[in-house]
Amino acid sequence: MFPKGLTCSGSAVSMLLIGLLIGLGANLDRVSGDVGLVHRRFEYKYSFKPPYLAQKDGTVPFWEYGGHAIASSENVRIAPSLRSQKGAIWTKQRTNFDWWEVEIVFRVSGRGRIGADGLAFWYTSEKGSYLGDVFGSSDRWVGLGIFFDSFDNDNKHNNPYISAVLNDGTRQFDHQQDGATQLLSGCLRDFRNKPFPTRAKIEYYNNILTVLFHNGMTNNDQNYEMCFRAENVVLPKTGYFGLSAATGGLADDHDVFHFLTTSLHIPGQFKEEPAPGEDAAKLTQEYQDYQKKLELQKEEYRKEHPDEHKDDLDSLFEDFNERELRQIWEAQTNTFEQLRTLSSKLDEVIGRQERTLGLLSVSAQAGGAAGGAPPPQIAAGGAGSSIMRHEVDALLQNQNVMVQTVREIRSIIGEVHARTDSILNNQARAPTAQVQAGGYDVQSLMNEMRDGMNQVRQGVAGVAQRLQTGPQVQGSVQCPTQTCLSLTAFLVAIVVQLLVMLGYSMYRDSREAQAKKFY
């Protein structure tokens, strides 16, 4: 309702709304433009990552650690999975930037269903201790602490929990309540015993603190989700970054793999480094002169020592396509050998089956001529040996299993062939598809692969043809009408069949595990 004496038409209201929307859109464009123009700079003096994270003497460049922390070439174990362990690692120098973003890649793992105590990220005006009371660091700190708390001290079943706590140096951390009365913000996230390392991204820009979390369930390093966002957060202008961890009666391994720091700068305040200019051109010219001099010395050495043939260093390396082609070729060779072995075994089984079916046919004819008399036992391997009906059924069952296995092998070979064709097509389209310097002759390798695939196809076709003729022979045999199978024999046949199928399944799994090594 408008005040008395004031009227407003529909067109005027529409114009007013349009004006407001235009103004709001301009403000949004300005804000998004400011965010997009933020200058980012990687700060190597406040970061560490593998490989060669620690030097030979055990030190981490630009960092110092103590307590029970252990540094290796791949990670820093802040606190090991032993009881009552504490450790921490801190940067050696203060920050020289106002805003920053830190990405931490870590893993908290242990044998227990629950763990303790947890891991902490610090940004404080002064370094903390290495054997402190708050997750391995000092209490009454000045700055920010983000705690990855594993143990449920207040027994509210709300752990593992990620929380942020600010302190001005006067407050003591409340362990009994897990800092519930002091925390700035937090979120309930499980970070223990994940298949992949968990990640946390902490950003502090324009007094806004944002924490993103990766739960470690996928290998996608960009799969972050929002944990919390807090505004009007005032931190010290300069400070130290640190990580600490502690264990109690329960224990976890607290491993940190990456600690990557990026400084954020407001647009217009970032000082660009001057371009190298003439120095870059001078260095480039010196490098080219050095390369020419090196080639001349190599040529002179070859002329002076014609009998010595030293392999070029480039021939010792292979690119991605060459490596994949070699692996496919080795896998195809191994598959062909396995098919050859399987074909010989199939021939042996089919021969035995044909002999068995022949003996059954003779037995059926003899039973019919005797006027329906029960068929006698058939001697198959000499005196005292006989072939019963359940043995024939077991042979037929084994044949069906082998037929299914051959079909699976054929499907695998088809997939490998399709993958090989795609790689060869990519090589043909590449500018270096014919002959790569210092590598393999791709054309000859293609011919060898085609020949191998043809041999594999011929072998599989022969096996399939023999398997197709087997059931026809079986269909021509008339089994006796009277049964000579007792309950005990039937149970024995069932057990034998299960043992044969179990043994074949274990044999096939072992072969598949060996074949996977080639990929």
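Numbers at a glance
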{"item": "Residue in region 350-362 that is modelled with pLDDT of 75 or more, touching a Gly at 6+ places or on another chain (Cβ under 7 Å) and β-branched (V, I, T) present", "result": "yes"}
{"item": "Condition broken by R107, with the remaining ones in (1) open to solvent by 40 Å² or more (accessible area, probe 1.4 Å); (2) touching a Ser or Thr at 6+ places or on another chain (Cβ under 9 Å); (3) part of a loop (DSSP other than H, G, I, E, B) satisfied", "result": "(3)"}
{"item": "So R40, is it surrounded by fewer than 20 Cβ atoms within 10 Å (Cβ to Cβ) and either under 30 Å from G268 (Cα atoms) or at pLDDT below 50 (or both)", "result": "yes"}
{"item": "Identity of the residue in region 237-248, in a strand (DSSP E or B) and of a type in the set (S, T, Y), that ends up surrounded by the fewest Cβ atoms within 10 Å (Cβ to Cβ)", "result": "Y240"}
{"item": "Residue count, region 121-168 (criterion: under 37 Å from the mean Cα position of the chain (by Cα), assigned to a loop (DSSP other than H, G, I, E, B) and under 23 Å from F97 (Cβ atoms))", "result": "2"}
{"item": "Test: residue in region 218-236 that is open to solvent by 10 Å² or more (accessible area, probe 1.4 Å), touching a Phe, Trp or Tyr at 6+ places or on another chain (Cβ under 9 Å) and under 20 Å from F97 (Cβ atoms)", "result": "yes"}
{"item": "Candidate set: region 191-212, residues that are within 27 Å of the chain's Cα centre (by Cα), outside any strand (DSSP E or B) and not basic (K, R); chosen: the one nearest to L37 (Cα to Cα)", "result": "P197"}
{"item": "Members of region 135-145 that are crowded, with 23+ Cβ neighbours inside 10 Å and in contact (Cβ under 8 Å) with a residue 60 or more places away in the chain", "result": "F135, G136, S137"}
{"item": "From Q436, Q427, Q399, Q404, residue being modelled with pLDDT under 55 and under 28 Å from F336 (Cβ atoms)", "result": "Q436"}
{"item": "Residue within region 114-129 that is within 16 Å of F241 (Cβ to Cβ), open to solvent by 20 Å² or more (accessible area, probe 1.4 Å) and not polar (S, T, N, Q) present", "result": "yes"}
{"item": "Filtered residues of region 175-206 (kept if of a type in the set (D, E, K, R) and at pLDDT 90 or above)", "result": "R189, D190, R192, K194, R199, K201, E203"}
{"item": "Boolean, E308 is farther than 30 Å from R83 by Cβ, at pLDDT below 85 and open to solvent by less than 50 Å² (accessible area, probe 1.4 Å)", "result": "no"}
{"item": "Residue selected from region 320-338 under the condition acidic (D, E) and open to solvent by 40 Å² or more (accessible area, probe 1.4 Å), by the criterion nearest to G459 (Cα to Cα)", "result": "E337"}
{"item": "Residues within region 191-216 that are within 17 Å of D149 (Cα to Cα), free of Cβ contacts under 8 Å to residues at least 60 places away in the same chain and buried (at least 16 other Cβ atoms within 10 Å of the Cβ), tallied", "result": "3"}
{"item": "Subset of region 251-281 [modelled with pLDDT under 90 and surrounded by 10 or more Cβ atoms within 10 Å (Cβ to Cβ)]", "result": "I266, P267, F270, P276, A280, A281"}
{"item": "Region 169-187 residues that are hydrophobic (A, V, I, L, M, F, W, C) and assigned to a strand (DSSP E or B), paired with ones that are modelled with pLDDT of 90 or more and open to solvent by less than 30 Å² (accessible area, probe 1.4 Å) (beta carbon under 6 Å, 6 or more apart)", "result": "L183/S163; L183/V165; L184/A164; L184/A230; C187/I162; C187/C227; C187/F228"}
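Conditions tested, residue by residue: (1) touching a Pro at 6+ places or on another chain (Cβ under 9 Å); (2) open to solvent by less than 70 Å² (accessible area, probe 1.4 Å); (3) over 27 Å from R171 (Cβ atoms).
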{"position": "Y46", "(1), (2), (3)": "no, yes, no"}
{"position": "T59", "(1), (2), (3)": "no, yes, yes"}
{"position": "W63", "(1), (2), (3)": "no, yes, yes"}
{"position": "S81", "(1), (2), (3)": "no, yes, yes"}
{"position": "S84", "(1), (2), (3)": "no, no, no"}
{"position": "R111", "(1), (2), (3)": "no, no, yes"}
{"position": "F148", "(1), (2), (3)": "yes, yes, no"}
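The values are calculated or read from the model by the stated rules, or taken from the named source; none is laboratory data. Only a predicted model underlies this, so the values are computations on that prediction, with no experimental measurement involved. We place every Cβ from the backbone using ideal geometry, glycine too, and count neighbours over all the protein chains shown. For the accessible areas, the whole protein counts, side chains as well, though only heavy atoms, and no ligand, DNA or RNA atoms are used. Shrake-Rupley method; radii C 1.70, N 1.55, O 1.52, S 1.80 Å.
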